[in-house]
Amino acid sequence: MTALTLKDLTKTYPGGNQAAVRGLSLTVESGTLTALLGPSGCGKTTTMKLIAGLIAPDAGDIRLNDRSIVGVPPERRGVAMVFQNPLLFPHLTVAGNVGFGLRMRGLSPAQIAAQVDPMLARVRLEGLDHRRPIELSGGQQQRAALARALILKPDVLLLDEPLSNLDPSLRDDMRSLIRELQRETGITTLVVTHDQAEAVALSDRIALLLDGKLAQHGPPEDFYRRPATEAVARFFGGVNFVPGQSRAGRFHSALGPLTLPRGVIDGDALLTIRPEALRLGPGPNPREARVDGITFLGTQTRVELSVSGTTLQALTTPDQAADLRSGTEIAIALPPDALWLLPSPAKP
Ligand code: ATP
């Protein structure tokens, strides 16, 4: 299995006033499915094209198992890329599309059929082998494009927003299929997405890109429980940020002294607590809070609170929120284990 390493990768497009990718270093561990996550324009597709060899970096290196592939033509990199738009050959049948790469490699029609048939079954396109791409649904086209890439057994598979053109109902199926195929084949896979929930549901590791730079890389739960910066926390739905100082295991801020988890170092910091971790009711680090607003969101209810003049948000179940009334005072708790300190924002 193949590890993919990006080292100080930089790319500025001609005429671009800032780099689309800036000093990006990232190791995608072999056999993992990693989500390359970030908002629109942060450089995700540019990174994929650099790895696939469709564009060249201005600086930096791309290594597969410690061999540089910068300068190696795309078709000899062992990298297959599936685009957001499936880009199937319109004049070829589904079987012709899926077997195309094998034909280019000089395999006989019998050898090609022996691989194409099971691959079509694997992506649930059996019986559709004689159709043209125009006769397929969007989801079926995506599955054909995935089959066309997988049949070549690439060292690295790149999927650019594979779910974004699909209806929500098809998205779950495609997500499960990608996950299953990746586990079965063990192919090191990088999936681009701008949707944090999708990245969490799909991947072993997330690499979050913000403004062309790597903001954090690690297992999905780290982005909720241990975000590296305020920007990372906000991207993952963080809403509660309170400036203050950590001293001798306590956090001093407008909320008054709060007991921190063990091992937190002293200094200026920005306290954060996930809205779903803020407890409505008695508990550790208790506070009095005024209910300022209640918003029913379907499966959850958002409760806006004011604690000593600081606004905090909690997410709770509709059942738990049923007895709350705006304008009333309630007890809340900020459990130490749910408190996380971020670096203080840079002073202007
Ligand atoms: P999206 O999620 O919207 O696809 P992205 O994260 O994939 O965004 P990129 O497509 O990599 O972002 O673009 C990064 C930056 O580079 C953007 O500012 C974009 O406008 C710019 N850019 C992308 N392609 C080109 C190009 N061919 N020429 C000039 N600038 C480009």
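For the reader, a short list of remarks on this structure follows.
- Length gained when the stretch Tyr13-Ala322 is fully extended (0.36 nm per residue, less Cα-Cα span): 105.9 nm
- Charge context of Pro90, other residues only, Cβ under 15 angstrom, K/R +1, D/E -1: +2
- The GluC sites (Glu not before Pro) found in the stretch 248-326 that occupy coil by DSSP, while having at most 16 further C-beta atoms within 10 Å, are Glu276.
- Packing-based ranking, highest mean first, of 191-202, 292-303, 16-27 given that Cβ atoms within 10 Å are counted: 191-202, 16-27, 292-303
- Site pair Leu54 and Ala197 shows an inter-label distance of 2.8 nm when each label is modelled 7 Å from Cα along Cα→Cβ.
- Placing unit charges on the Cβ atoms only, positive for Lys and Arg and negative for Asp and Glu, gives the chain a dipole magnitude near 680 debye about its Cα centre.
- Long pairs among Lys7/Lys213; Lys44/Lys153; Lys11/Lys213, criterion Cα-Cα beyond 19 Å: Lys44/Lys153
- Helix 109-122 and the longest principal axis of the C-alpha atoms of the chain enclose an angle of approximately 20°.
- Global geometry of the stretch 110-206, whether rounded, prolate or oblate, following the gyration tensor of its Cα atoms and the 1.5 cut on a/c: oblate
- Cβ-Cβ FRET estimate between Phe296 and Asp167, R0 fixed at 22 Å, reported to 0.05: 0.30
- Beta bridges per DSSP, both residues in the chain: antiparallel share near 75 percent.
- Local electrostatic count at Val291 - Lys and Arg +1, Asp and Glu -1, tallied over other residues with Cβ under 9 Å: -1
- The chain: angle of helix 94-104 to the longest principal axis, Cα-based, in degrees nearest 10: 70 degrees
- Long-range HN-HN contacts of Ser25 with modeled amide H, under 5 Å: Asp8, Leu9, Leu214
- Across the options Thr188, Leu324, Tyr13, the greatest Cα extent toward the positive end of the charge dipole of the chain (unit charges at beta carbon of Lys, Arg, Asp, Glu) belongs to Tyr13.
A short reminder: the numbers here are calculations on the coordinates, not readings from a lab. Bear in mind that the values here come from a model prediction, so they are computed numbers and not experimental data. Cβ atoms come from the backbone with ideal geometry, glycine included; neighbour counts cover every protein chain shown.
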